[in-house]
1. Out of curiosity, is Glu99 part of a loop (DSSP other than H, G, I, E, B) and free of Cβ contacts under 8 Å to residues at least 60 places away in the same chain?
2. When the residues of the range 7-41 are narrowed to those that are closer than 13 Å to His90 by Cα and free of Cβ contacts under 8 Å to residues at least 60 places away in the same chain, which ends up surrounded by the fewest Cβ atoms within 10 Å (Cβ to Cβ)?
3. Any chance you could count how many residues in the range 27-85 are among the polar types (S, T, N, Q), under 23 Å from Ile196 (Cβ atoms) and either part of a helix (DSSP H, G or I) or touching a helix residue (DSSP H, G or I) at 6+ places or on another chain (Cβ under 7 Å) (or both)?
4. Could you figure out which of (1) closer than 26 Å to Asn101 by Cβ; (2) crowded, with 24+ Cβ neighbours inside 10 Å isn't true of Ile44?
5. Considering Arg176, Arg118, which residue is in contact (Cβ under 8 Å) with a residue 12 or more places away in the chain and buried (at least 16 other Cβ atoms within 10 Å of the Cβ)?
6. What are the residue pairs meeting all of these: first residue in the range 43-66, first residue touching a residue at least 40 places away in the same chain (Cβ under 8 Å) and of a type in the set (Asp, Glu), second residue crowded, with 24+ Cβ neighbours inside 10 Å and not in a helix (DSSP H, G or I), Cβ atoms under 6 Å, and 6 or more apart or on different chains?
7. Can you give me the number of residues within the range 166-206 that are modelled with pLDDT under 95 and either assigned to a loop (DSSP other than H, G, I, E, B) or acidic (Asp, Glu) (or both)?
8. Within the range 128-162, which residues are touching a Phe, Trp or Tyr at 6+ places or on another chain (Cβ under 9 Å) and either surrounded by fewer than 19 Cβ atoms within 10 Å (Cβ to Cβ) or of a type in the set (S, T, N, Q) (or both)?
Amino acid sequence: MSNQVFDAGRRWDEKFSEGDWPVKPDLALVAFVSDLPSGKALDIGCGPGRNAVWLAEQGWDVTGLDASAVGLQQALERAKQKNLSLATIHGDIFGIELEENTYDLVVMANIHVTPTLRKELFSKAISSLKEGGKLFVIGHHLDDLGRVGPPDPELLFSEDILDKVSEGLEVIKLQRWERPPEDGDAYDKENPLRPISDIVLWAKKR
């Protein structure tokens, strides 16, 4: 494992050890995936497994990938509590090779990286999908800069940004997804009930 990957893993180990993280799956994932027949799924950056464990509950054969050993251990413990099977890969997506044409579903939730790394990330994710496989991406919208997500606007998402990295995909949905603020989100002092604006990409590999 390179020093860069080790540092990323250690940083997230500390974050996941600091307190409880959300255990409920992303509501957008539930909305888009619930009607799909189960198959093989890869959750890139799965952390403590909020989405991976839910997918396993729905009958998916799930592999969770993360640079944090702590996050993966938390995901495995949650799966065990529910008598579910969950495979894991400990490593950074940019430091490992994914099997190509393998997965029916790839999930990427809140992975915010530089534009250059974003292009590489999407290329790897798309290559790992079977023909006809689905890609689910959710992240913080550029419009919510300063409320949630990284403070660097280059790391956030917009419709145009996601459209540009979707080569090789048939885009089914690319839309804003509003949700109530969660613990850790910065609320709007003038309008505390103002929803958080995420953005969702739901696409199929051609």
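1. On the way: part of a loop (DSSP other than H, G, I, E, B): yes; free of Cβ contacts under 8 Å to residues at least 60 places away in the same chain: yes.
Judged against the criteria, Glu99 is a match.
2. Filtering the range 7-41 down to residues closer than 13 Å to His90 by Cα leaves 8-10, 12-13.
Okay, now just the ones that are also free of Cβ contacts under 8 Å to residues at least 60 places away in the same chain, so 10, 12-13.
Working: Arg10: 14, Trp12: 18, Asp13: 17.
Restricting to residues being closer than 13 Å to His90 by Cα and free of Cβ contacts under 8 Å to residues at least 60 places away in the same chain, the top hit is Arg10.
3. Step one: list which residues in the range 27-85 are among the polar types (S, T, N, Q), which gives 34, 38, 51, 58, 63, 68, 73-74, 81, 83, 85.
After this cut, where a residue has to be under 23 Å from Ile196 (Cβ atoms) as well, the list is 34, 51.
Next, only the ones that are either part of a helix (DSSP H, G or I) or touching a helix residue (DSSP H, G or I) at 6+ places or on another chain (Cβ under 7 Å) (or both) stay: 51.
Here the count works out to 1.
4. The failed condition is (2).
5. Details: Arg176 fails: buried (at least 16 other Cβ atoms within 10 Å of the Cβ).
Just a single option satisfies the conditions, and that option is Arg118.
6. From the range 43-66, the pairs are Asp43/Gly64; Asp43/Val107; Asp66/Cys46; Asp66/Gly47.
7. Number satisfying all stated conditions: 22.
8. Ser128, Lys130, Leu142, Arg147
The values are calculated or read from the model by the stated rules, or taken from the named source; none is laboratory data. Computed from a predicted structure; not experimentally measured. With ideal geometry, Cβ positions are generated from the backbone for all residues, glycine too; neighbour counts draw on all protein chains shown.
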